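First the structure, in the form of structure tokens, and then the observations on it.
The values are calculated or read from the model by the stated rules, or taken from the named source; none is laboratory data. Because the structure is predicted, anything quoted here is derived from the model rather than measured. Every residue, glycine among them, receives a Cβ derived from its backbone with ideal geometry; neighbour counts consider all protein chains shown.
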Amino acid sequence: MRISRLAVAALALLAPLAFTTTATAQESTVDVMARPAFEMPFPCGQIWRAGTRSNHNPLYAIDFNMGSGDSDAGKPVIASAGGTVDVRYAASGYGNYVVINHGGGWATYYAHLGSVAVRDGQRVARGARVGTVGKSGGQTYTHLHYEQRLNGNDVKAVLHGKAVTYYGDISTKSANC
Ligand SMILES: [Zn+2]
């Protein structure tokens, strides 16, 4: 009984130290990551299929579909996080696309848009309407091609704090609320 009490007393003394150490470790991890809290590029509550594949270009891009064929045409695309907009066009490939620069080297790409709802250089908040789903750039079916990039390189996407599964199709519900 006496040993047990001593052990409890010792733990009580150590506990604040242990907590402090853990908190510091978590903070420094966040600093290193510095990834914005990206949400799905669709309105709150919508369920989309996020498709990834090993022959996608770039590799870690996601093609989002809700329905099939062209049934997603005109559905709103919204910002994953706040940032500054760069509106671009590529006749074959990305078509009408928007890049949002989030700072810290992070950017998100929204490609094959049917229409663009932002201006070059515009500041947007998370959830702001970027445009609509389309198939510009010579695509055969309507979908949103989406990327998360760090310092220009595509990286495996994280949405709502959850790593996207590579490779395959997963069903995801937007918490971009
Ligand atoms: Zn794609």
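Here is a yes/no grid of residues against (1) within 19 Å of Thr140 (Cβ to Cβ); (2) at pLDDT 95 or above; (3) not assigned by TED's automatic domain parsing to the domain that holds Thr165:
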position: Gly51; (1), (2), (3): yes, yes, no
position: Asn55; (1), (2), (3): yes, yes, no
position: Ile62; (1), (2), (3): yes, yes, no
position: Met66; (1), (2), (3): yes, no, no
position: Lys75; (1), (2), (3): yes, yes, no
position: Arg88; (1), (2), (3): no, yes, no
position: Gly95; (1), (2), (3): yes, yes, no
position: His102; (1), (2), (3): no, yes, no
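I'd like the full set of residues that are surrounded by 13 or more Cβ atoms within 10 Å (Cβ to Cβ), part of a strand (DSSP E or B) and more than 9 Å from the ligand (Cβ to nearest atom), limited to the stretch 40-63.
Trp48, Arg49, Ala50, Thr52
State which residue is nearest to the chain's Cα centre (by Cα) when the search covers only the stretch 134-151 and only residues that are away from the ligand (no atom under 12 Å from the Cβ) and assigned to a strand (DSSP E or B).
It comes out as Gln148.
Would you confirm, using the coordinates I've provided, whether Tyr110 is of a type outside the set (Val, Ile, Thr), touching a residue at least 60 places away in the same chain (Cβ under 8 Å) and within 14 Å of the ligand (Cβ to nearest atom)?
Yes.
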